[in-house]
Ligand SMILES: Cc1ncc(C[n+]2csc(CCOP(=O)(O)OP(=O)(O)O)c2C)c(N)n1
C-alpha cells in the first residue's frame, strides 16, 4: 500500500487499536493533522500540550491502554516534558508523537527545533528520531510494544517533518524483534518454594503492595494471596484500590502520611513481602531503620528495582500475572497453617488500626476537607474514579476515600506534579465515559492547568472538579509551619481575587460553592446530578495539617499523630 | 572492587548518550569507558570499568540492561580475560635525550611512532599499571607534553564470546 508517512501513522494507530489521541497542532505536524482530519480520527484538542499529555496519562491509568499524545516540534514538544516525566515515574504506558524539523534542518538551531530525544532520554523508557519514512512503521510498532510490555512507561517518537509527507510502501510489522528488550514474564519458579518457606517461618509477616499490582491488573490474585495467607496488608499511595479498603486484614497506607498501624507494623514485622513496590523515600522514611527487623522478599517485574533502595533477602523477578498465581498455588496447601500462625500478630496490628484510626478534628463552623472526602465516598459508594492533584488534599483523599477498586485512584505519586489532576481527569473520563470521574484539587494546583476546563466544556466531559480551597499552598505551608517557624514565604493565596465559580462559568462549566458544613451534602448531590462538568469551590480552613506525619528522613515509628493524642 | 563489563549495544545514533547519561544520572562510579565496532556490523562493544561493591555493580548492570539498545552485558571479571589499553604519549626529546628514551621504550616493549626535533610520540599497549609505569618514568626523566589513552578493552580467554555468555 503506497501511502504517506502521515497516513502510515493513522494506519499504525488503528493497528494498535488506538481510538483516540490527545494533542495540539503546529507547523511540523501539519501533514499529520491533515491526515487525522481526512481519516476523521478522534482527537481531543486540549488547551495546552501539558494538558494533552496528562490527559493521555489519565486515559492510560484509567483504562490500562496505551495513551497517545501528539505535539509539534520545539515548544510543543518541550511542553510535554513534565507530563512525560510524570508518566515515567509512575510507569504509565504512553506514546508521544512529536514533530521535528525537516531532516536537512536538523542540528542547525532551525525555527522551532528542540532536541526532544536528548531532552527526554532520562525520562522515557525509550525514544526514537525517525528520519526515513521506511523506519516509521517499525518505530511505532516498537514504541507501542515497549510502552505496554514489561514495566510500562512512556516512549517518544520524534518524526522529522518531511517524513510525514514522504510516500512509501506501507506495511505494519507483524512482530517486534528487539535484541536488547526481552521483558521477563515468567521468572524462576524454584524461588517460590523459598518464599513459601519464609512465609511458614514468619511470626509477624506483612504484605506490602504497590502500584505494580494496579498496573498488572493483578488485584484478584493479590486478594487470593491475602485471603489464603491471612497476612496483614499495607499499601503505598499507588497501590491503593488494589485491595478493598474494608478488607479485614488491611492496615491502610504506609509512609510519611500513612496510618499508625501500617507504620508500626512495618517497624515490627519479621517478614515484609513487597509486591510491585519500589521502596520510595516517602514510604521508607529513614532507610536504615525501615523494616529493620524483617527479612525482605521483593516481587517486581523490573530487576533493576531489586536492591535499589532496600536490600532484598529473596527476589521474585517476573510479571505478577505469573508470580502471584504460582505462589497462590503453593500457599493454598498451607493456608490453615499460615492463618493459625499469624493470628496473634494480625489481632495485634488490627487493634492498632482500630485504636489509632485516621481521625481529624471535627469543627461545626468549617467545612473539613476530610469530611468532604468521606461524604463523596459515601455518595459514590467508594466506586468512582478519583483523580487528585498534588498537596494536602491528595493525602486526605488517600486517607479518607476508602478505595474499593483497582485503577480507581489516579494521582501523580512519583513526580508529584501539581497541575496533573484536571487534564488527567478529562483523559480518564474520555476513556471511561460511563463512570463517574471526580477530581480533588487544591486552589494552587487547579490554577496550574485550569485552562482545561474549557476543553471539559467543549467535549462535554462530565468531570466533577472539587476544589478544596484553603487559600494557600497547603502542603508547603504545612512544612513552613512545622519546620520553618511559621514563616509563610510565598504560600498564601489570600491575595487572589479569582472567583472559581465565575471562572468555571466563563469557560462554559457549571460552578457551585460550599462555604458552610450544612451546604456540603446538598451541593455535592447537586453537582453529581449535573450531567456535564461542574466546578465546586469548597472553602476549607486555611490552617490544617495532614496527620499522621513522619518527618522526612525520620523512622516510620516516629509519627506526629496530630489530631489523635500523641 | 573493580569490575570490567563488556556491554554489547545496537550500533545506532544516540546509544552512547543514553549510556553515559544513565551513568551520570544514577551517579555510578565509572573508571573508564571505551567503545568500538565488533565482528557484527550492527553491534558496538563498550567496555566499562566500574568501581564499587557488589550491590552497586549489580545496579549498574541492571540499569544498563534496561536500556532497549543494550543487547547483552557480561562481567569479564568473573571469567579469565585479557585486558588491554592503548596509550599514545608525546614526550619532550632532544638529540641528547633521545637514546635514553629509546632505552626506556625497549624495556617496556613500546614503540616510537613519531620523532621530530623536540618531541617523540610513543605507543604502548598493555594493562593499566604498565602504561602508568611508563608514563611515570617518562614524565620524571623527560617531561610528558600530552597523553591520549583509550580506556580499557577486554576479551575473555575461552572460546565463548561475550554475546553467548
Ligand atoms: C509543579 C509543581 N510545583 C510545585 C510543587 C511543590 N508543591 C507541592 S504541594 C504544593 C502546594 C499545593 O497547594 P494546593 O494546590 O493549593 O493544594 P493543597 O496542598 O492546599 O491541598 C506545592 C507548591 C509541586 N508539587 N509541583
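Scan segment A:49-64 and give yes if some residue there is assigned to a helix (DSSP H, G or I), within 14 Å of chain B (Cβ to nearest Cβ) and touching a strand residue (DSSP E or B) at 6+ places or on another chain (Cβ under 9 Å), otherwise no.
Residues of segment A:49-64 assigned to a helix (DSSP H, G or I): A:49-63.
Next cut, within 14 Å of chain B (Cβ to nearest Cβ) only: none.
So far as segment A:49-64 goes, no, none of its residues is assigned to a helix (DSSP H, G or I), within 14 Å of chain B (Cβ to nearest Cβ) and touching a strand residue (DSSP E or B) at 6+ places or on another chain (Cβ under 9 Å).
Could you tell me whether any residue of segment B:33-42 is touching a helix residue (DSSP H, G or I) at 6+ places or on another chain (Cβ under 9 Å), within 11 Å of another protein chain (Cβ to nearest Cβ) and at pLDDT 90 or above?
yes
Taking the stated definitions as given, is residue A:327 closer than 26 Å to residue A:183 by Cβ, away from chain B (no Cβ under 14 Å), at pLDDT 95 or above and within 26 Å of the chain's Cα centre (by Cα)? First the steps, then the outcome.
On the way: closer than 26 Å to residue A:183 by Cβ: yes; away from chain B (no Cβ under 14 Å): yes; at pLDDT 95 or above: yes; within 26 Å of the chain's Cα centre (by Cα): no.
No, not satisfied.
Please enumerate the residues belonging to segment A:471-516 that are in contact with a helix residue (DSSP H, G or I) (Cβ under 8 Å, 6 or more places away or on another chain), part of a loop (DSSP other than H, G, I, E, B) and in contact (Cβ under 8 Å) with a residue 24 or more places away in the chain.
Of segment A:471-516, the ones in contact with a helix residue (DSSP H, G or I) (Cβ under 8 Å, 6 or more places away or on another chain) are A:471-475, A:478, A:486-489, A:491-493, A:496, A:498, A:500, A:503-504, A:507-514.
Still in the running and part of a loop (DSSP other than H, G, I, E, B): A:471, A:473, A:486-489, A:491, A:493, A:496, A:498, A:507-509.
Of everything in segment A:471-516, those that are in contact with a helix residue (DSSP H, G or I) (Cβ under 8 Å, 6 or more places away or on another chain), part of a loop (DSSP other than H, G, I, E, B) and in contact (Cβ under 8 Å) with a residue 24 or more places away in the chain turn out to be A:471, A:473, A:493, A:496, A:498, A:507, A:508, A:509.
Quick check, is residue A:526 in contact (Cβ under 8 Å) with a residue 60 or more places away in the chain and at negative phi? It would help to see each step written out before you state the result.
Numbers: in contact (Cβ under 8 Å) with a residue 60 or more places away in the chain: no; at negative phi: yes.
No, not satisfied.
Checking residue A:402 against (1) part of a helix (DSSP H, G or I); (2) closer than 23 Å to residue A:234 by Cβ, which test does it fail?
Here residue A:402 meets the rest and fails (1).
Being part of a loop (DSSP other than H, G, I, E, B) and not assigned by the TED database to the domain that holds residue A:76 narrows it down to one residue among A:223, A:194, A:177; which is it?
Numbers: A:223 fails: part of a loop (DSSP other than H, G, I, E, B); A:194 fails: part of a loop (DSSP other than H, G, I, E, B).
Unique residue meeting the criteria: A:177.
Quick check on this structure: which one of A:103, A:163, A:176 is within 11 Å of another protein chain (Cβ to nearest Cβ), over 25 Å from the mean Cα position of the chain (by Cα) and more than 30 Å from residue A:272 (Cα to Cα)?
Values: A:103 fails: within 11 Å of another protein chain (Cβ to nearest Cβ); A:163 fails: within 11 Å of another protein chain (Cβ to nearest Cβ).
Going through A:103, A:163, A:176 in turn, just one is within 11 Å of another protein chain (Cβ to nearest Cβ), over 25 Å from the mean Cα position of the chain (by Cα) and more than 30 Å from residue A:272 (Cα to Cα): A:176.
So is residue A:116 touching a strand residue (DSSP E or B) at 6+ places or on another chain (Cβ under 6 Å), surrounded by 15 or more Cβ atoms within 10 Å (Cβ to Cβ) and at pLDDT 95 or above or not? Show your work before the answer.
On the way: touching a strand residue (DSSP E or B) at 6+ places or on another chain (Cβ under 6 Å): yes; surrounded by 15 or more Cβ atoms within 10 Å (Cβ to Cβ): yes; at pLDDT 95 or above: yes.
In short, yes.
Among the numbered criteria (1) surrounded by 20 or more Cβ atoms within 10 Å (Cβ to Cβ); (2) over 22 Å from residue A:122 (Cα atoms), which one does residue B:53 miss?
(1)
Could you list, in sequence order, all residues of segment A:395-433 that are near the ligand (Cβ under 9 Å from one of its atoms) and over 19 Å from residue A:51 (Cβ atoms)?
A:395, A:396
Among (1) away from the ligand (no atom under 13 Å from the Cβ); (2) closer than 25 Å to residue A:503 by Cβ; (3) outside any loop (DSSP other than H, G, I, E, B), there is one condition residue A:367 misses while meeting the rest; what is its number?
(3)
Answer with yes or no whether residue A:468 is modelled with pLDDT of 95 or more, buried (at least 20 other Cβ atoms within 10 Å of the Cβ), near the ligand (Cβ under 10 Å from one of its atoms) and not in a loop (DSSP other than H, G, I, E, B).
Working: modelled with pLDDT of 95 or more: yes; buried (at least 20 other Cβ atoms within 10 Å of the Cβ): yes; near the ligand (Cβ under 10 Å from one of its atoms): yes; not in a loop (DSSP other than H, G, I, E, B): yes.
When the stated conditions are applied, residue A:468 passes them.
The values are calculated or read from the model by the stated rules, or taken from the named source; none is laboratory data. What you see is a predicted model; the values in this text were computed from it and never measured. Note that each Cβ is placed from the backbone with ideal geometry, even for glycine, and that neighbours are counted across all protein chains shown.
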